[in-house]
Each structure stands twice: as C-alpha cells, then as structure tokens.
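All remarks here apply to the structure that follows.
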Amino acid sequence: GMGLTGFGVFFLFFGMILFFDKALLAIGNVLFVAGLSFVIGLERTFRFFFQKHKMKATGFFLGGVLIVLIGWPLIGMILEIYGFFLLFR
C-alpha cells in the first residue's frame, strides 16, 4: 500500500515536472488512490471520501482525476489540488 502511494506521488510529481504529461498524471492518480485504499482499507477509504460534509471536496478531487484521464491535465490537476486541500484540511 505504501509503495503504491509512493509511486503514485512520484508519478504525479514527475508528470508535473514534464509539463503536465497526461499519461504520467493518470498513472499517478490511479496508483495514489489504489495505494490509499490498500493502506487504510477499502471500507474506510469509501467512508472517508463519501462523508456528507466532504462531498464537495470529493467531487473536486475525483472530478479532477476524471478530467486528467479525459486529457486536460492542467485543469484536472488544479481541481485535484483544490479538492485535496478541502479533504485533508
């Protein structure tokens, strides 16, 4: 779990360094969310993201992931970062 999360952060960082390469960012997003699920468990991950008071933050974070996967990496990363800060504040 920690390895997947670490590789996810690495790919996200490397994708941003390489001028928002959408393939690296997509791989980083998938690895980060999968690693988080393995570290804290699937049920706790689901409960964390889908709490009533965190739905706006979850929408921004997962919407950003979807937009990166579609092919607009800069806009997607901005939404993800905003959602990330809302989730973990």
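The values are calculated or read from the model by the stated rules, or taken from the named source; none is laboratory data. Quantities reported herein were computed from a predicted structural model and do not represent experimental measurements. Cβ placement follows ideal geometry from the backbone for every residue including glycine, while neighbour counts extend to all protein chains displayed. Just so you know, the surface numbers come from the protein's heavy atoms only, side chains and all, with ligands and any DNA or RNA stripped out. Shrake-Rupley method; radii C 1.70, N 1.55, O 1.52, S 1.80 Å.
Within segment 1-23, the residues that satisfy the criterion of being open to solvent by 30 Å² or more (accessible area, probe 1.4 Å), part of a helix (DSSP H, G or I) and among the aliphatic types (A, V, I, L, M) are MET2, LEU4, VAL9, MET16, ILE17, ALA23.
For segment 63-89, the set of residues classified as among the hydrophobic types (A, V, I, L, M, F, W, C) and farther than 17 Å from ALA23 by Cα consists of LEU79, ILE81, PHE84, PHE85, LEU86, LEU87, PHE88, listed by residue number.
Name the residue that is least open to solvent (accessible area, probe 1.4 Å), counting only residues in segment 34-49 that are out of contact with any helix residue (DSSP H, G or I) (no Cβ under 7 Å at 6 or more places or on another chain) and in a helix (DSSP H, G or I).
PHE48
A count restricted to segment 63-86 and to residues that are hydrophobic (A, V, I, L, M, F, W, C), surrounded by fewer than 17 Cβ atoms within 10 Å (Cβ to Cβ) and either touching a Leu at 6+ places or on another chain (Cβ under 7 Å) or under 21 Å from GLY1 (Cα atoms) (or both) stands at 1.
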